[in-house]
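Nothing in this text is a laboratory measurement; each read-out follows from the coordinates by a stated rule. These figures come from a predicted structure and were not determined experimentally. So basically every Cβ, Gly included, is an ideal-geometry build from the backbone, and we count neighbours across all protein chains shown.
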Amino acid sequence: MTRDEMREIVRRDYTDRVVRDIADELGLSRSAVIGMAHRMGLRARRPNRGGNGRRGEGTSARAPMSVIRPQALFDLHAGACHWPLAGDLFCGAPATREHYCAMHWRRAHVRRG
C-alpha cells in the first residue's frame with residue numbers, strides 16, 4: 001500500500017472510526033495515524049460522553065467529585081488542579097475554585113476549631 005493510499009484511508013475514515021482500527025488496517029501504530037491526520041489538518045470528532053451538555057456535571061449522582069489525572073508541573077494548564085501528589089506529579093483534575101478541584105479545595109480550606 002502506498003503512502004498516498006494510506007493518507008486517503010485516514011482522510012476518509014478518521015472522523016468516523018476508532019484510530020486503533022485504522023492503524024490495524026494500515027499496519028501502523030496508533031500514534032502514526034494520529035500524527036498523519038494532524039499533519040493533514042484533520043480533527044477527530046469528540047466522543048459524546050453523555051450528560052446534559054453542561055460542563056462540570058456528571059451523568060451519575062454517585063460520580064466522584066474529581067477525577068485525579070496525575071500530571072507533571074509543566075504539563076498543567078491554567079484550568080487544572082495544582083494539588084501536589086507524590087514526587088513531581090499534581091492532581092490535574094478540572095479546577096473549580098482558584099487552582100484546585102472541589103475535593104482539594106475543601107482539603108485546603110478546612111475550618112479549625
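Figures for the structure shown
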read-out: Sorted by Cβ density within 10 Å, fewest first, the residues PHE90, PHE74; value: PHE74, PHE90
read-out: Contour minus Cα-Cα distance for GLU8 and ARG69 (0.36 nm per residue); value: 18.5 nm
read-out: Phi to ³J(HN,Hα) by Karplus 6.51 cos²θ - 1.76 cosθ + 1.60 over the stretch 68-75, Hz, x for Gly, Pro; value: 6, 10, x, 9, 6, 4, 6, 8
